[in-house]
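J.: Structure below; questions to follow.
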Amino acid sequence: MSETTYNYVNGEWIESESGDTIEVENPANPNETVGRYQSSSATDATAAVEAAAAAADDWASTPGPERGKILRAAGTLLEERKDELTDVLVAEEGKAHAEAGGEVQRAIDIFHYFAGKAADLGGTMKSPSAPNQNLYTRTEPVGVAALITPWNYPIAIPAWKLAPALAAGNAVVLKPASAAPGVAIELARALDEAGLPDGVLNVVTGSGSTVGTEFVEHDAVDAVSFTGSSEVGEMVYDRATDAGKRVQTELGGKNPTVVAASADPAEAADIVAGGGFGTTGQSCTACSRAIVHEDVYDEFVAELVDRAESIDVGPGADHEMGPQVSESELESTLDYIEIAENEGAALAAGGNTPDGEAVETGYFVEPTVFTDVDSEMRIAQEEVFGPVVAVIKVSDFDEGLHVANDVHYGLSASIVTDDHTEANRFIDEVEAGVVKVNDKTTGLELHVPFGGFKRSSSETWREQGDEGLEFYTIEKTVYDSY
Ligand code: NAP
């Protein structure tokens with residue numbers, strides 16, 4: 001593929017002034033270039049912010065229902081292009097076709113959801129203490145929002161930031177991840193065709209340290225919404241708050257599933273395998289720790305190994321589990337596998353790159369299970385971001401809960417149990433922004449809030465649901481005497 005995609009700035013498709021491009025390779029076949037995008041400079045990023053700032057007031061004063069109409073039309077265009085977008089996602093990010101289709105559908109649903117919300121924005125009328133007065137609040141947009149997104153959900157995450165930001169009347173600059181920018185750019189194309197005024201959305205591709213830094217630090221940016229690794233996100237948070245901006249960061253995870261003594265081992269293995277190996281383990285909410293009661297440990301391990309070994313690994317277009325997104329992500333997973341073995345964990349399944357014609361090239365790794373893991377091992381503490389599950393044996397519920405909380409992260413957590421009291425204690429005491437009972441750690445509804453605790457989040461504002469609009473709005477209180 002040789003076509004080059006341009007940045008979208010002030011309603012036009014323009015080349016970077018740098019003259020440089022980024023090539024995106026197919027992770028299932030790195031010899032194949034599947035996209036070419038602008039490797040933009042700080043000057044390009046500045047131009048995008050200036051275009052957004054110039055467009056912000058008119059968009060803010062556009063009636064909410066009008067804004068909603070444009071989001072709805074964009075959602076419909078995305079729906080018409082669902083198959084095409086799914087193919088781009090599989091080619092660039094590598095996930096399995098069904099997973100990619102589900103993600104594209106999520107983006108479509110998010111646009112329709114926030115299209116409705118745009119008409120609901122307003123405020124609250126209160127009873128004044130003085131006579132002859134109207135006392136009320138108005139919801140206003142914050143201004144220019146900078147959105148910085150990761151590669152692992154390359155259309156859903158841009159959509160779940162973009163749709164509420166635009167619905168609330170903000171102008172936006174978006175920097176998608178360099179590994180898989182294609183589907184985020186398609187959001188801009190759909191919005192452009194749906195009639196979004198020039199400058200209200202600007203998409204600039206390029207490195208995080210160049211484009212991202214300019215977005216985070218530019219004076220005209222009022223709010224920064226970042227999703228990505230804890231390492232980068234914490235730096236972005238410090239820089240943005242130092243610059244006086246509103247900031248929201250959603251970051252990494254080390255998500256546990258506790259398997260209680262009352263659990264059915266086969267059902268628990270289905271839940272852990274779904275959470276741990278789905279999307280090649282490249283979800284922030286992926287289950288990477290199974291914390292298992294000793295009474296069901298052996299049976300659970302046998303069931304989990306069975307699931308790991310039966311997964312069909314290969315190119316996402318026609319296999320159950322696709323590759324890792326890049327060579328560096330694959331290397332990082334293989335490094336963790338080596339670290340775990342050196343620390344004394346027992347390799348029970350996987351642990352290698354797979355063999356076979358379908359996986360000859362590409363960043364494939366086998367679904368991997370480690371047993372005999374201690375909570376202090378690096379495999380139990382650090383985010384691996386690949387299909388690797390560490391199984392930790394515990395002797396009672398309290399120990400399981402303690403181990404679940406014994407990490408710096410707190411994104412998603414689940415428990416498999418038949419005991420209602422245990423389930424309720426888990427809900428009360430686990431340190432995670434998402435808690436599930438008898439369900440996998442992955443999978444989110446779009447109409448409820450999402451965000452982490454501890455190092456998984458800045459804990460400032462939640463995304464999605466009604467709460468997803470709060471980051472992009474500010475209240476004005478009006479005392480109107482007559
Ligand atoms: P990442 O390396 O932190 O990158 C995220 C975004 O930040 C990318 O667009 C990246 O640009 C940009 N960036 C890099 N350096 C920057 C800088 N100095 N200033 C501003 N922006 C910068 O994360 P990733 O590898 O793409 O994504 C995987 C991580 O995201 C995992 O840790 C995962 O757990 C986390 N995640 C969290 C959630 C959540 O909601 N909690 C959801 C999904 C993923 P480049 O692509 O150009 O480097």
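The values are calculated or read from the model by the stated rules, or taken from the named source; none is laboratory data. All figures in this text were calculated on a predicted structure; none of them were measured in a lab. Neighbour counts run over all protein chains shown; Cβ positions are idealised from the backbone, glycine included.
J.: Within segment 443-450, does at least one residue satisfy the condition of being more than 14 Å from THR285 (Cα to Cα), outside any loop (DSSP other than H, G, I, E, B) and aliphatic (A, V, I, L, M)?
T.: No, segment 443-450 contains no residue that is more than 14 Å from THR285 (Cα to Cα), outside any loop (DSSP other than H, G, I, E, B) and aliphatic (A, V, I, L, M).
J.: Could you grab the pairs with beta carbons closer than 7 Å, sequence gap of 6+ or different chains, first residue in segment 335-358 and among the aromatic types (Phe, Trp, Tyr) and crowded, with 16+ Cβ neighbours inside 10 Å, second one assigned to a loop (DSSP other than H, G, I, E, B) and at pLDDT 95 or above?
T.: From segment 335-358, the pairs are TYR336/VAL384.
J.: Can you run down the residue pairs with Cβ atoms below 7 Å, 6 or more apart or on separate chains, where the first is in segment 306-319 and under 14 Å from LYS95 (Cβ atoms) and of a type in the set (Val, Ile, Thr) and the partner is at pLDDT below 95 and surrounded by 19 or more Cβ atoms within 10 Å (Cβ to Cβ)?
T.: VAL313/VAL359
J.: Quickly run through segment 155-179 and pick out the residues that are part of a loop (DSSP other than H, G, I, E, B) and near the ligand (Cβ under 9 Å from one of its atoms). Before the answer, list the steps.
T.: Residues of segment 155-179 part of a loop (DSSP other than H, G, I, E, B): 155, 168-170, 176-179.
Matches in segment 155-179: PRO176, ALA177, SER178, ALA179.
J.: Go through segment 59-109 residue by residue and tally those that are outside any helix (DSSP H, G or I) and either over 19 Å from the mean Cα position of the chain (by Cα) or surrounded by fewer than 22 Cβ atoms within 10 Å (Cβ to Cβ) (or both). Walk me through it before giving the result.
T.: The first filter runs over segment 59-109 and keeps only residues outside any helix (DSSP H, G or I), leaving 61-63, 81, 94-96.
Checking which are either over 19 Å from the mean Cα position of the chain (by Cα) or surrounded by fewer than 22 Cβ atoms within 10 Å (Cβ to Cβ) (or both) leaves us with 61-63, 81.
Summing the residues that are outside any helix (DSSP H, G or I) and either over 19 Å from the mean Cα position of the chain (by Cα) or surrounded by fewer than 22 Cβ atoms within 10 Å (Cβ to Cβ) (or both) in segment 59-109 gives 4.
J.: May I pose another question? Among the listed residues GLN324, GLN248, identify the single one that is closer than 30 Å to GLY143 by Cα and under 18 Å from the mean Cα position of the chain (by Cα).
T.: GLN248
J.: Further question on the same structure: Under the condition of being of a type in the set (A, V, I, L, M) and in a helix (DSSP H, G or I), which residue from segment 289-306 is farthest from the chain's Cα centre (by Cα)?
T.: So the first thing to find is which residues in segment 289-306 are of a type in the set (A, V, I, L, M), and the list is 290-292, 296, 301-302, 304-305.
Those still in the list that are in a helix (DSSP H, G or I) too: 301-302, 304-305.
Working: VAL301: 29, ALA302: 32, LEU304: 26, VAL305: 28 Å.
The selected residue is ALA302.
J.: Quickly run through segment 110-135 and pick out the residues that are in contact with a strand residue (DSSP E or B) (Cβ under 7 Å, 6 or more places away or on another chain), touching a residue at least 12 places away in the same chain (Cβ under 8 Å), hydrophobic (A, V, I, L, M, F, W, C) and not in a loop (DSSP other than H, G, I, E, B).
T.: Selection gives LEU135 alone.
J.: Look through segment 198-208, keep the residues that are more than 18 Å from TRP59 (Cβ to Cβ) and surrounded by fewer than 24 Cβ atoms within 10 Å (Cβ to Cβ), and return whichever of them is nearest to the ligand (Cβ to nearest atom).
T.: GLY208
J.: Take segment 248-263 and flag every residue that is within 9 Å of the ligand (Cβ to nearest atom) and not in a loop (DSSP other than H, G, I, E, B).
T.: Within segment 248-263, THR249, GLU250 qualify.
J.: For segment 209-247: of the residues being more than 8 Å from the ligand (Cβ to nearest atom) and hydroxyl-bearing (Ser, Thr, Tyr), which is nearest to ALA145 (Cα to Cα)? Full working, then the answer.
T.: Step one: list which residues in segment 209-247 are more than 8 Å from the ligand (Cβ to nearest atom), which gives 210, 214, 217-225, 234, 237-238, 240-247.
From the residues that got through so far, the ones that are hydroxyl-bearing (Ser, Thr, Tyr) too are 210, 225, 237, 241.
Values: THR210: 17, SER225: 7, TYR237: 14, THR241: 14 Å.
Applying the filter and picking the extreme gives SER225.
Residue by residue, here is whether (1) of a type outside the set (A, V, I, L, M); (2) without any contact (Cβ under 8 Å) to a residue 24 or more places away in the chain; (3) surrounded by fewer than 18 Cβ atoms within 10 Å (Cβ to Cβ); (4) farther than 30 Å from ALA107 by Cα holds:
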{"position": "HIS420", "(1), (2), (3), (4)": "yes, yes, yes, yes"}
{"position": "PHE426", "(1), (2), (3), (4)": "yes, no, no, yes"}
{"position": "THR441", "(1), (2), (3), (4)": "yes, no, no, no"}
{"position": "GLY451", "(1), (2), (3), (4)": "yes, no, no, no"}
{"position": "ARG455", "(1), (2), (3), (4)": "yes, no, no, no"}
{"position": "TRP461", "(1), (2), (3), (4)": "yes, no, no, no"}
{"position": "GLU467", "(1), (2), (3), (4)": "yes, yes, yes, no"}
{"position": "THR473", "(1), (2), (3), (4)": "yes, no, no, no"}
{"position": "LYS476", "(1), (2), (3), (4)": "yes, no, yes, yes"}
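J.: When the residues of segment 264-288 are filtered to those that are of a type in the set (Ser, Thr, Tyr) and either part of a loop (DSSP other than H, G, I, E, B) or out of contact with any helix residue (DSSP H, G or I) (no Cβ under 7 Å at 6 or more places or on another chain) (or both), which remaining residue is farthest from the ligand (Cβ to nearest atom)? Show your work before the answer.
T.: Within segment 264-288, the first condition is being of a type in the set (Ser, Thr, Tyr), and the residues that meet it are 279-280, 283, 285, 288.
Keeping just the survivors that are either part of a loop (DSSP other than H, G, I, E, B) or out of contact with any helix residue (DSSP H, G or I) (no Cβ under 7 Å at 6 or more places or on another chain) (or both) gives 280, 283, 285.
Values: THR280: 12, SER283: 7, THR285: 7 Å.
Only one residue fits best here, namely THR280.
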